Amino acid sequence: MKNFKYILYSVVAVGLLYSCTPAGGNFAGTEYMPDMAHSVGYESQSFANYKRNNWDSASVISRKFLSRPLDPAEGTIPRGYAGFSFSGPEAYDSIMNILRGGNKLNAIAVPVNGKVPYHYTDTEEERIRASKAIVGNPFPITEAGLAKGKELYEIYCGICHGENGGGQGYLVRDANPAKGDLGGVYPAAPANFLLDTFYISNNGRFYHAIMYGKNVMGGYIEKLSFEERWQVIHHIRSLQATAKGLVYNASANTLNPNFGIPAVLVKKSAPAPKLLSAPAPASEVGKTKSGK
């Protein structure tokens, strides 16, 4: 009996000592109830199995796969905003301040992104439909918006369409070494926005092209936010107005009143701001992606 007692004491002592084995080298040590010490959460952005938490060896999907960056679920829309129309400069600044979290202490800022519902697909038929349905610009013409639109246009558009919108950008025009212009060769002539066909086109024609691209031009849906797309369109309209000897700015729009409302006119009427996205055709209202 005494021997059994000593054996029992010895086993308990060894167990206690082993449970406190220190870590060293490649040995992480031994812990009592390791699930209490380590989170079972995935190691985000990790491309290797985490051996302590890899409890799903029998699963058809490994934790290694689930921890990788994946595409969002279908229909997922990041936090953002759809924009608002017919709002004066004061209302615009106020709403943007709220979206950026500046309205109260510890407010959560809403990132301004391009993930706004767009009810037209990337087909020629839908391009024509969008060109007819989307007429005006949901943002008023402001000096700040025109300046931003000019900056974005010169970054993304001017290299092909030209700084003045005439379709003679750097990648198209012939080289002129005497002036330091190396020029470029483009497989297809880009659109000349100063032609009458673009001058009379609704804003939907430009917006759809920015979303999906056209011919050899790629789409800019991931490069320009919702507001930035409309700012670029404002700038294109201002280029057209300049070519026609007309005015398109925050004070007046003699190009076409349907394409943009000057901020000074909006400020006078000052109706309540209205959150919106690109207009959906009446036939699409109430439908889901499955068409039901």
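Among the residues of segment 236-243, is any assigned to a loop (DSSP other than H, G, I, E, B), without any contact (Cβ under 8 Å) to a residue 24 or more places away in the chain and either within 14 Å of Ile200 (Cβ to Cβ) or open to solvent by less than 50 Å² (accessible area, probe 1.4 Å) (or both)? Checking segment 236-243: not a single residue is assigned to a loop (DSSP other than H, G, I, E, B), without any contact (Cβ under 8 Å) to a residue 24 or more places away in the chain and either within 14 Å of Ile200 (Cβ to Cβ) or open to solvent by less than 50 Å² (accessible area, probe 1.4 Å) (or both).
Here is a check on your reading of the model: is Asn97 open to solvent by 60 Å² or more (accessible area, probe 1.4 Å), without any contact (Cβ under 8 Å) to a residue 24 or more places away in the chain and assigned to a loop (DSSP other than H, G, I, E, B)? It is false that Asn97 is open to solvent by 60 Å² or more (accessible area, probe 1.4 Å), without any contact (Cβ under 8 Å) to a residue 24 or more places away in the chain and assigned to a loop (DSSP other than H, G, I, E, B). Consider segment 138-152 and keep the residues that are farther than 21 Å from Tyr220 by Cα and in a loop (DSSP other than H, G, I, E, B). The one that is most open to solvent (accessible area, probe 1.4 Å) is Thr142. Under 8 Å by Cβ, and 6 or more places apart or on different chains, what pairs join a residue from segment 115-137 that is in contact (Cβ under 8 Å) with a residue 24 or more places away in the chain and more than 17 Å from Gly219 (Cβ to Cβ) with one that is surrounded by fewer than 14 Cβ atoms within 10 Å (Cβ to Cβ) and of a type in the set (A, V, I, L, M)? Filtered contacts from segment 115-137: no entries.
Evaluate segment 258-272: report whether one residue or more is within 20 Å of the chain's Cα centre (by Cα), closer than 30 Å to Ile77 by Cβ and either at pLDDT 95 or above or of a type in the set (S, T, N, Q) (or both). So far as segment 258-272 goes, no, none of its residues is within 20 Å of the chain's Cα centre (by Cα), closer than 30 Å to Ile77 by Cβ and either at pLDDT 95 or above or of a type in the set (S, T, N, Q) (or both).
Criterion first (open to solvent by less than 80 Å² (accessible area, probe 1.4 Å), modelled with pLDDT under 90 and not in a helix (DSSP H, G or I)) does Pro187 satisfy it? Against the criterion (open to solvent by less than 80 Å² (accessible area, probe 1.4 Å), modelled with pLDDT under 90 and not in a helix (DSSP H, G or I)), Pro187 does not qualify.
Restricting segment 153-171 to residues that are at pLDDT below 90 and part of a helix (DSSP H, G or I), the residue that is farthest from Ala189 (Cα to Cα) is Ile159. Among the residues in segment 114-132, are any modelled with pLDDT under 85, surrounded by fewer than 14 Cβ atoms within 10 Å (Cβ to Cβ), part of a loop (DSSP other than H, G, I, E, B) and among the charged types (D, E, K, R)? No, that holds for no residue.
Just a yes or no: is a residue in segment 209-223 aliphatic (A, V, I, L, M), open to solvent by 10 Å² or more (accessible area, probe 1.4 Å) and part of a strand (DSSP E or B)? So far as segment 209-223 goes, yes, one or more of its residues are aliphatic (A, V, I, L, M), open to solvent by 10 Å² or more (accessible area, probe 1.4 Å) and part of a strand (DSSP E or B). Of the residues screened, Ser225 is not one that is of a type in the set (Ser, Thr, Tyr) and within 16 Å of Glu163 (Cα to Cα).
The values are calculated or read from the model by the stated rules, or taken from the named source; none is laboratory data. Since we're looking at a predicted model, the values are computed, not measured. Glycine gets a Cβ as well: all are built from the backbone with ideal geometry, and neighbour counts include every protein chain shown. Surface accessibility is based on the protein's heavy atoms, side chains included, excluding ligands, DNA and RNA. Shrake-Rupley method; radii C 1.70, N 1.55, O 1.52, S 1.80 Å.
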